[in-house]
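> Let me give you the structure first, and then I'll get to my questions.
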Amino acid sequence: MKFKAFLRIIIHLLGILILTILTQIGGIIYLLVLLTITKKKPKYRLKRASLFTLLYLTSTFLLIPSIAPLFGRVKIEDNDKIKAHNFVTAFCNRNYVTLKMHVVLKDVSLRINKEFPDIKLIYLDANFPFFDGFPLLPHLSHNDGKKIDISFVYAAKNGLTNLKPSVSGYGIFEAPLKNELNQTQVCKQKGFWQYDFTKYITLGSYHKDLKFSANGTKKLIAKILENTDVQKVFIEPHLKNRLNLQHSKIRFHGCRAVRHDDHIHFQI
Ligand SMILES: [Zn+2]
């Protein structure tokens, strides 16, 4: 019996930890629910699940978007020119940036839309709504509202598309060709095992027929760099060479990060 109680505490703690890592606020809401609805109440499991769902959804979609500006962050406003690749980004509160970054994103989306009227700026993980220094895992640096990941541009049979090859937006790589530098191999040989672990988080890939658009992606990066507030852009070295990108703000992120031949990272 005692062991059972111990196990239950461990499971709850794990739940709090995982929800915090995934959504920032989910863990604390879960804790609140556990404290509010004790095991003595009839049908406590159902009541806990309902209360958690209610609190989480109202916080995520109503409360936090209005509270976050007090902490210097705003929720990215999707429109016909800028959009999250996956609704999970908003569902997990991973779509917050500083006000300045929001202005930059809007500007870049207008520029890309002028170049390709049907193409939206499709973003992946940004930052959480609260606290500088709180990382949005697995991206250690996404902790201050000034970082964001952007999808490459892809082409379908009849031209450029806003679709992306994987459900999460990560993990389907535009790998190096035989004559190109294989940075993944270099980093893994140095012992950085995590360098390509995003291959496990595609969450499925329904658009494997899509082709990486070198021209579209190159133009997208050019548009990002046209905004002078942008400080750094990360992309895998072989793609930097293949796309013939020369700008001094395009850097290599280092082996401690993950490979960037499935997305672009930029920061202000
Ligand atoms: Zn990033």
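The values are calculated or read from the model by the stated rules, or taken from the named source; none is laboratory data. Nothing here was measured: the structure is a model prediction, and the numbers come from that model. Please note: Cβ atoms are built from the backbone with ideal geometry, for glycine as well, and neighbour counts cover all protein chains shown. Please note that ligands, DNA and RNA were not included when accessible areas were found on the heavy atoms of the full protein model with its side chains. Shrake-Rupley method; radii C 1.70, N 1.55, O 1.52, S 1.80 Å.
> How large a share of the accessible area of segment 200-268, in percent, is made up of carbon and sulfur atoms when the probe is 1.4 Å and the other protein chains stay in place?
That share works out to 49 percent.
> Using 0.36 nm times the number of residues separating Glu115 and Asn179, minus their current alpha carbon distance, what extension gain do you get?
19.9 nm
> Would you look at the GNM of the chain, springs on alpha carbons closer than 10 Å, and say which of Phe128, Phe197, Phe91 moves the most?
Phe197
> With an 8 Å Cα cut-off and a minimum separation of 6 or more residues, compute the relative contact order for segment 60-99 in percent.
It rounds to 50 percent for segment 60-99.
> Run the dipole for segment 10-158 about the Cα centre, Lys and Arg Cβ at +1, Asp and Glu Cβ at -1, nothing else charged, and hand back the magnitude in debye, nearest 20.
With Lys and Arg at +1 and Asp and Glu at -1, about 740 debye.
> Another question, then. For the pair Ala214 and Ile10, how long in nm is the line joining their label points, each one 7 Å along Cα→Cβ?
With each label point 7 Å from Cα toward Cβ, the separation is 5.3 nm.
> Given Thr228, Gln185, Gly15, which one lies farthest toward the positive end of the charge dipole of the chain, if we put +1 on the Cβ of every Lys and Arg and -1 on the Cβ of every Asp and Glu?
Positive-end residue among those listed: Gly15.
> Mind checking the log10 I(q)/I(0) for segment 227-268 at q = 0.17, 0.19 Å⁻¹? Debye, one equal scatterer per Cα, no solvent, two decimals.
Scattering profile of segment 227-268, log10 relative to I(0): -0.42, -0.53.
> How much accessible surface area, in Å² rounded to 10, belongs to the heavy atoms of Leu14 with a 1.4 Å probe?
Accessible area of Leu14: about 90 Å².
> Rounded, prolate or oblate: pick one for segment 184-268, where a ≥ b ≥ c are the square roots of the eigenvalues of its C-alpha gyration tensor, a/c under 1.5 means rounded, and failing that, prolate if a/b is larger than b/c, else oblate.
Cα axes put segment 184-268 in the oblate bin.
> For segment 104-147, list residues with backbone N below 12 Å from a point placed 7 Å from the Cα of Asn227 toward its Cβ?
Counting only backbone N, you get 104-113, 121-123, 146-147.
> Assigning unit charges at the beta carbon (Lys, Arg +1; Asp, Glu -1) and nothing else, what dipole magnitude in debye, to the nearest 20, does the chain show about its Cα centre?
That gives a dipole near 1060 debye.
> Apply the a/c threshold of 1.5 to the C-alpha gyration tensor of segment 114-196 and tell me whether it is rounded, prolate or oblate.
oblate
> Rounded to whole Å and ordered largest first, report the semi-axes of the equivalent ellipsoid of the chain derived from its Cα gyration tensor (root of 5λ).
After diagonalising the Cα gyration tensor, the semi-axes are 36, 22, 17 Å.
> Under the rule a/c < 1.5 gives rounded, and otherwise a/b versus b/c splits prolate from oblate, where does segment 1-64 land using the Cα gyration tensor?
oblate
> Sticking with this one: Given a 1.4 Å probe and the protein chains all in place, what does the accessible area of His263 round to, in Å² to the nearest 10?
Spelled out: His263, probe radius 1.4 Å, area about 0 Å².
> What does the net charge come to around Thr36 if you take all other residues with beta carbon closer than 11 Å to its beta carbon, with K and R at +1 and D and E at -1?
+3
> In the chain, which Cys residues have no partner Cys with a Cβ closer than 4.7 Å?
Cys92, each lacking another Cys Cβ under 4.7 Å.
> Additional query: Which part of segment 229-250 falls in the paramagnetic zone of Val186, meaning amide N under 15 Å from the point 7 Å along Cα-to-beta-carbon?
235-242, by backbone N distance to the label point.
> Still on this structure, I have one more. Report Phe173's accessible area, 1.4 Å probe, all protein chains in place, as a number in Å² to the nearest 10.
Accessible surface of Phe173 is approximately 50 Å².
> Per residue, how much accessible surface does the chain expose to a 1.4 Å probe? Answer in Å², no decimals.
54 Å²
> Show me, bin by bin at 10 Å from 0, the whole-percent P(r) of segment 60-164 based on Cα pairs.
Going from the shortest bin to the longest, the percentages are 16, 46, 29, 9, 1.
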